[in-house]
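Below is one structure, written out as structure tokens; comments come after it.
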Amino acid sequence: MHLLIREVPPSQRHLFSISEMTALAFLLLAATLFACYRRRYGGGQGDLLYSLIRLMHALRYPQKFLLISLVLLLPTLWLAGQQIAALDAAVRDARLKIVGLDHIIGNSLLARAVAEHRGMTRAHQHDPTLFVRALADKQVEIDALFRANHLLDRSQAPAISVPEYWPQVELLWRRIKQAPDDPRQWRWHTSLIALLLQHNRQVIHESRLDYESDPGLRSRLLLLAEHLPQLLETLGQLRGQGAGLLAAAGRVDPQVRLRIDGLLGRVRSQLLLVGDAHEAIEGESFAGEGEAEEHEPPATDPADRFVERVEPLIALTEQEVLRRPHPLLSARDYFVRMTAVIRAGFDWQQQGLGVLRGRLVDGVEQRVGQQYRIKLFLLVALIAALLFFAAFYRSVMRTIAALDAAVERVRRGDGREHGLEVIECADEMGDMVRAFDAVLGELARVAGQMEAVVRHAAVAIVTIDAEGAIRLFNPAAERIFGYEAKEVVGRNVMMLMPGPLRERHRRALRDRLAGRRRGALIGTSMPVRIEGQRRNGERFPLELSVGAMEIDGAPMFVGMMRDITEEQRLQQQLRHAQRVQSIGTLVGGVAHNFNNMLGGIVGKLYLAKSRMQPDAQVRRYLEEVEEIVAHAAAMIKDLLTYARKDFFREMRDVVLNPLVDAAARTAALGISEDVTLHVACCPEPLTVHGDAGQIQQVVVNLINNARDAVAGCRLREISVDLRRCRPDDAFFARHPELQRGSDYARIEVCDTGCGMDEETRAQIFEPFFTTKEVGAGTGLGLSTAYGTVTNHGGAIEVVSAPGEGSCFRIFLPLLSAAAEEEGEDPPGEVRRAAEGVTLLLVDDDDQVRRALGEVLEELGYRVLTAADGRAALELFHRRREEIACVVSDVVMPEMGGIELLRAIRAAGSTVPVVLLTGYDRGRVELSEEERTGVELLGKPVWIPLFSQRIDQVIHGRKAGGD
């Protein structure tokens, strides 16, 4: 009509002011008459058009409705026929989908049985006593399901095709039955289940379930046939891996624990996806469900039962399978619990698929009924047309009145409160009003969703207007800034900024509104890092991005903010760890060369001292050189300790109480009388596993640092305190690498000295950093303490402020029972060799080899030398009978000391071996059997200890024979 009105003279355009239904009847009638008129007369359509327009305008409503009834009768009959054909197609489509659901149900039962067989097989391989009978019964069940599935495939052809890979499925099952102990069982089972799930997806496509128009049915099908099977398969893998690990009783590769941890992560994410999908469809209904008879809800929802049981099982897996060294739960019990939960999930799936099938069956019955009703309608169409005339006339009048009232209510703004339910007519006017009502509801729903997003967003969202006044302040912003929304809404946003940033914001906002240039922050796509100000005046770093928009023509700005305080702290920790790692790599390589040189010096010093008179004046100089070498060796050891590469530690159970007391007494010798030292140790013995010497040295270093810190202060006090403690959650947040739930020993060394500022505190644990004068310190004391404490599985913290002193706290994990105190052996003297004892000395460093060879000859040994392991092995084979002991460096070209040891043992010899290394002990990896008759010493080796260890291993060999 709008196209025609452009060709009508203005004086006749009022003729087109007719309703849409009248226009529809006019167009249908005009098309019919045009066709007849053109066939009969060939032209003159314009006259006919205007004649029809005048006729439609002249007719009254009853006459128009009568004309409409006549015009719509024939199209109605045609549409009814089309509807019957569409219903036939819908019935065929629904029956195909029912066939598809039957196949999916059968495949799901088969997948469940295979998954249970996989888990029992996994546990049975680790413990052959588990699930012997159950595995046989499960094989019988799976064979029956395969036969049923095969028959179902054949009965459904050609509707559902048998997949090309089905022979592969049957081949995998035959392999599983024929080789129950094959290590590839897990992979075969998993591949078989993956093929079954792939077949389900193919069935969904071929049965056109993925084209289902009903959103409720489609959502449930996606949940039950896609998301839920993936979750159940992951749970099945977790069941098998967990039961296998429990059955193995700790004999499993550590990679299994990593796989279980990964499966737990997948279970959580898939459970979240399933839960969200289930919650999303709880409020949905199937098409036509509102018209159906209401049913009583089930007493318990299988979905809720399944979801509620998965979370405790995840926690049980983490506690018993992953975390507990000696699980209290057996593999069978864990498998049974997991199977019960997985079966609950399968019950949910089967019940849900059954409900979907029932809905499709109901839909088929409904469509068949609709066909009969349409046919019946066609029989009474002529009679109904007469009644339609009167009813339609009355309905149109009521619809027009109701539409006017609804539009007026919407104009007043109370349409949502009263609703538009009064519009009951099923014509185009009623549809228009209901569409208008639906638009209002959709707007309200979208507004509610946006409000929920803003309220639950993890980032702070603040909206301001052109004047800088805050209009929106979400809960995340309340948490970050410490204000409540009602306190800041309407106030200027500069209250959230520190002083220096306020003027920058004011200029940027002014220039933005004036259009002179873009503000530095507004509208940028990349976030910037600035400072914010909390309610208590505290400044903190935050990440800000600002967007600009217009609402009703007025500019508005939205700021998205994130508190990055914790992120910056973690970045600082990462940089510190990287510096430690780089220094450790350097130290590990340099230490070997230094230790080799020091070893040669030690040997030469011993030879020089042994070949001069005891009262010679030069002897004192040599002893001083020997002390310097000892200091150099200790410094290298400190560097290795800091770099976590010093493994020459006597690790044992140590009671801290006497150790801390002894360290305080030792440090007190260097403290002047005007400094007060307080020592307080709890009466309860606190036991840790570690190196007593290193822990004692850490305490001595801290007390010495405290002594230097109180020098020149009016109040000079140092306190040392040892207590048992259980750290809080904040402590473990700062040290996530430590084990929660354990008691720790806390060694606290505090002083009343000058204290430290934040910049100094950030660097005190770095190597070679010192605040002392040049020559007064090496800068390794606190860095060594840091390395020692972390090597013992603990943590060290410092609390200090300028003028308020410092307090260092060491946390070490406690053992459950006190250890027996073990005393150290007193230093021995040089032991000389018995007559005729021959040693084989192997070292690639010429100076070290010559020095040690001369020392050994001085001790009375006959010495054979070799520059590498291969030459030493050839020499050993030639003179095996006369060699009483082999002294070898660990790291050498051609063949190292470890390879030489293993070659000697492979030759059937049990000759004692003394291994020397300038590297860390991590390079020396020996089994318990290989350690028999082997001594390991670090370079530089001191001659008394060297002679004692050689004498001990030779004596042990003579006692045992070769």
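Counting the residues of segment 857-871 that are within 13 Å of residue 888 (Cβ to Cβ) and surrounded by 22 or more Cβ atoms within 10 Å (Cβ to Cβ) gives 2.
When you scan segment 538-554, do you find a residue that is at pLDDT below 80 and within 19 Å of residue 459 (Cβ to Cβ), even just one? No, segment 538-554 has no match at all. Among the conditions (1) modelled with pLDDT under 90; (2) in contact with a Pro (Cβ under 7 Å, 6 or more places away or on another chain), residue 885 misses just one, which is (1).
For segment 465-501, taking the residues that are more than 24 Å from residue 511 (Cβ to Cβ) and open to solvent by less than 20 Å² (accessible area, probe 1.4 Å), the one that is farthest from the chain's Cα centre (by Cα) is identified as 488.
Out of 103, 124, report the one residue that is over 21 Å from residue 195 (Cβ atoms) and open to solvent by less than 40 Å² (accessible area, probe 1.4 Å).
On the way: 103 fails: over 21 Å from residue 195 (Cβ atoms).
Selected residue: 124, the only one of 103, 124 that is over 21 Å from residue 195 (Cβ atoms) and open to solvent by less than 40 Å² (accessible area, probe 1.4 Å).
State whether one or more residues within segment 136-149 are open to solvent by less than 60 Å² (accessible area, probe 1.4 Å) and at pLDDT below 75. Explain how you work it out, then say what you get.
Kept after step one, since they are open to solvent by less than 60 Å² (accessible area, probe 1.4 Å), are these residues of segment 136-149: 136, 138-139, 142-146, 148-149.
Add one more test, that the residue is at pLDDT below 75, and what stays is 149.
There is at least one residue in segment 136-149 that is open to solvent by less than 60 Å² (accessible area, probe 1.4 Å) and at pLDDT below 75.
Screening residue 945 with (1) more than 18 Å from residue 604 (Cα to Cα); (2) surrounded by fewer than 17 Cβ atoms within 10 Å (Cβ to Cβ); (3) of a type in the set (A, V, I, L, M, F, W, C) gives one miss only, at (1). Out of segment 455-464, which residues are exposed (fewer than 15 other Cβ atoms within 10 Å of the Cβ) and hydrophobic (A, V, I, L, M, F, W, C)? If the condition is that a residue be exposed (fewer than 15 other Cβ atoms within 10 Å of the Cβ) and hydrophobic (A, V, I, L, M, F, W, C), then 457, 458 are the ones that fit. Contact annotation: residue pairs with Cβ atoms under 8 Å, 6 or more positions apart or on different chains, pairing a residue in segment 872-894 that is over 14 Å from residue 911 (Cα atoms) and open to solvent by less than 20 Å² (accessible area, probe 1.4 Å) with a partner that is at pLDDT below 90 and among the polar types (S, T, N, Q), are 889/917; 890/917. Note on segment 837-865: among residues that are of a type in the set (A, V, I, L, M, F, W, C) and outside any strand (DSSP E or B), the one that is nearest to the chain's Cα centre (by Cα) is 848.
Within segment 663-675, residues that are within 15 Å of residue 720 (Cα to Cα) reach partners that are among the charged types (D, E, K, R) with beta carbons closer than 9 Å, at six or more positions or on different chains, in the pairs 667/707; 671/707; 675/707; 675/716; 675/717. Only residues that are open to solvent by 20 Å² or more (accessible area, probe 1.4 Å) and over 19 Å from residue 103 (Cβ atoms): list them for segment 189-213, please. Of everything in segment 189-213, those that are open to solvent by 20 Å² or more (accessible area, probe 1.4 Å) and over 19 Å from residue 103 (Cβ atoms) turn out to be 190, 191, 213. Total residues in segment 463-486 satisfying the condition of being at pLDDT below 90 and either of a type in the set (Asp, Glu) or not assigned by the TED database to the domain that holds residue 549 (or both): the figure is 2.
Inclusion of residue 451 among residues that are part of a loop (DSSP other than H, G, I, E, B) and at pLDDT below 90 is not warranted. Scanning segment 699-753 for residues that are acidic (Asp, Glu), over 15 Å from residue 672 (Cβ atoms) and open to solvent by 60 Å² or more (accessible area, probe 1.4 Å) gives 728, 729, 737.
Regarding segment 319-337, can at least one residue be identified that is among the β-branched types (Val, Ile, Thr) and either loosely packed, with under 12 Cβ neighbours inside 10 Å or modelled with pLDDT of 75 or more (or both)? Yes, some residue in segment 319-337 is among the β-branched types (Val, Ile, Thr) and either loosely packed, with under 12 Cβ neighbours inside 10 Å or modelled with pLDDT of 75 or more (or both).
Of the residues 313, 376, 353, which is of a type outside the set (Ser, Thr, Tyr), over 27 Å from the mean Cα position of the chain (by Cα), buried (at least 17 other Cβ atoms within 10 Å of the Cβ) and not in a loop (DSSP other than H, G, I, E, B)? If you could, list the steps in order and put the result at the bottom.
Details: 313 fails: over 27 Å from the mean Cα position of the chain (by Cα); 376 fails: buried (at least 17 other Cβ atoms within 10 Å of the Cβ).
Selected residue: 353, the only one of 313, 376, 353 that is of a type outside the set (Ser, Thr, Tyr), over 27 Å from the mean Cα position of the chain (by Cα), buried (at least 17 other Cβ atoms within 10 Å of the Cβ) and not in a loop (DSSP other than H, G, I, E, B).
The values are calculated or read from the model by the stated rules, or taken from the named source; none is laboratory data. Everything numeric here is computed off the predicted structure, so don't read it as measured data. Methodologically, a virtual Cβ is constructed for each residue, glycine included, from the backbone with ideal geometry; neighbour enumeration extends over all protein chains shown. Note: accessible area is taken over every heavy atom of the protein model, side chains too, but ligands, DNA and RNA are not part of it. Shrake-Rupley method; radii C 1.70, N 1.55, O 1.52, S 1.80 Å.
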